[in-house]
Amino acid sequence: MKIVEATLRKVDIPLRDPFETSFLRMYAKKTTILELKDEDGTFGYGEFSAFNLPFYNEEFRDGGFDLLSELILPKIVGREIKHPDDMYDLIKSIRRNNMAKSAVNCALWDIYSKQQNEPLAKALGGTKSKVEVGVSIGVQKSPEQLVEVVRGYLNDGYKRIKCKIKPGKDYDYLAAVRAEFPTVQLMGDANSAYRPDDFELLKRLDPLNLIMIEQPLEPGDLLYHAKLQKQIKTPICLDESVTSLEDTDKMIELGSGKIINIKVSRVGGLSIAKKIQQRAMENGIKCWCGGMIDSGVARAENIAIATLPGYVLANDIAPSIRYYDRDIITPMVQMNRAFVDVPEEAGIGFDIDWTNMNEFTLETKKITADTEVTV
Ligand code: OSB
Ligand code: MG
């Protein structure tokens, strides 16, 4: 592949309902879409999934947009890249910023698989024709309200229910759902809202038979996650804490959890997600694919990676309509019982809906081989 042009678009996609995590309430997915064009005219798409503010991790939209346009993309455009895995060498001087790197890696995989005339899932080594999905539910006003929201999603066909929790909105909320739905696959996601002082509180969740608790402690705290896992029976799933293959190895060695929510963006792209699920599988760690309230572009890439054999649990890849009335891909992602079908077309397998994309775009920037690296 030789990329001749890159286009970045800041895109605000309105959410049907606000989504509340332990750190913020969101009304729109304020995202960034990257388009790469190869010298043969093939287009590939990737998404820079960071939010507009650095709450989930250190990345945020304006920072990543500048980093991509001023530093990363000028090092990619105009270079011969044989395989998407090879791009990391070209930008190895840039620390972390995995979500920015992931946008480039995903767009390269899209082009690469289109050139091989294969669905992205197949190019990645995937083996499934459909992937299981669950729903992630934001913090609600009361336990009773959460129970009604859960009932609605169960009626829609979801089988795995994830509820956002935070101190003060945890045990009562999950216990109310468990009392109403005794056998549903239920889990809580804390987005790092607890501290080692809160162990007693987290131990109280054990009798609720949660399938896992996601990221209870701070991202860097693999040590206390290991201590906590020894004291609770609920499996710990790491999200924010695992940003690389090296983190995966440390988690395994320390015993910091039993499950990984692999977000393609958080780990720096499909190439790295693929390695992490392999390493996890070899070590008895179960994986599933997480989401960032992604637009259809990242959602399509999530569907593809979740076809790999290490992804053995329901994924946060709900259909487009769970989030948006209008997505920027066509067709929108659809649910088929508790699954999403894997497209059979080459590449990500969806087309851009240019009407919606153009309407939702706030700003566009093009990078060509003549664009100078200014820093
Ligand atoms: O931790 O998984 C998370 C949404 C925003 C920020 C962090 C997270 C989430 C989700 C939503 O849980 C997952 C989805 O895209 O459905
Ligand atoms: Mg999470």
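Tell me yes or no: at least one residue of region 223-242 is away from ligand 2 (no atom under 12 Å from the Cβ), open to solvent by 20 Å² or more (accessible area, probe 1.4 Å) and closer than 20 Å to residue 139 by Cα.
Among the residues of region 223-242, not one is away from ligand 2 (no atom under 12 Å from the Cβ), open to solvent by 20 Å² or more (accessible area, probe 1.4 Å) and closer than 20 Å to residue 139 by Cα, which makes the answer no.
Identify all residues within region 236-245 that are out of contact with any His (no Cβ under 8 Å at 6 or more places or on another chain), assigned to a loop (DSSP other than H, G, I, E, B) and within 16 Å of ligand 1 (Cβ to nearest atom); write none if there are none.
239, 240, 242, 243
Looking at region 269-307 only, could you name the residues that are part of a loop (DSSP other than H, G, I, E, B) and either surrounded by fewer than 24 Cβ atoms within 10 Å (Cβ to Cβ) or in contact with a strand residue (DSSP E or B) (Cβ under 7 Å, 6 or more places away or on another chain) (or both)?
Once the filter is applied, which keeps residues that are part of a loop (DSSP other than H, G, I, E, B) and either surrounded by fewer than 24 Cβ atoms within 10 Å (Cβ to Cβ) or in contact with a strand residue (DSSP E or B) (Cβ under 7 Å, 6 or more places away or on another chain) (or both), region 269-307 yields 283, 284, 285, 290, 291, 292, 293, 294, 295, 306, 307.
Counting only residues that are open to solvent by 40 Å² or more (accessible area, probe 1.4 Å) and in a helix (DSSP H, G or I), how many does region 133-148 have?
Number satisfying all stated conditions: 3.
What number of residues within region 42-97 are without any contact (Cβ under 8 Å) to a residue 40 or more places away in the chain, open to solvent by 30 Å² or more (accessible area, probe 1.4 Å) and not in a helix (DSSP H, G or I)?
Counting residues in region 42-97 that are without any contact (Cβ under 8 Å) to a residue 40 or more places away in the chain, open to solvent by 30 Å² or more (accessible area, probe 1.4 Å) and not in a helix (DSSP H, G or I) gives 11.
Of the residues 357, 335, only one is away from ligand 1 (no atom under 16 Å from the Cβ), open to solvent by less than 80 Å² (accessible area, probe 1.4 Å) and at pLDDT 95 or above; which?
Of the residues listed, the single one that is away from ligand 1 (no atom under 16 Å from the Cβ), open to solvent by less than 80 Å² (accessible area, probe 1.4 Å) and at pLDDT 95 or above is 357.
Take region 15-38 and flag every residue that is more than 16 Å from ligand 2 (Cβ to nearest atom), closer than 16 Å to residue 61 by Cβ and not aliphatic (A, V, I, L, M).
Passing the criteria: 27, 30, 31, 32.
The values are calculated or read from the model by the stated rules, or taken from the named source; none is laboratory data. Everything numeric here is computed off the predicted structure, so don't read it as measured data. Counting neighbours? That spans all protein chains shown, and the Cβs are built from the backbone with ideal geometry, glycine included. For the accessible areas, the whole protein counts, side chains as well, though only heavy atoms, and no ligand, DNA or RNA atoms are used. Shrake-Rupley method; radii C 1.70, N 1.55, O 1.52, S 1.80 Å.
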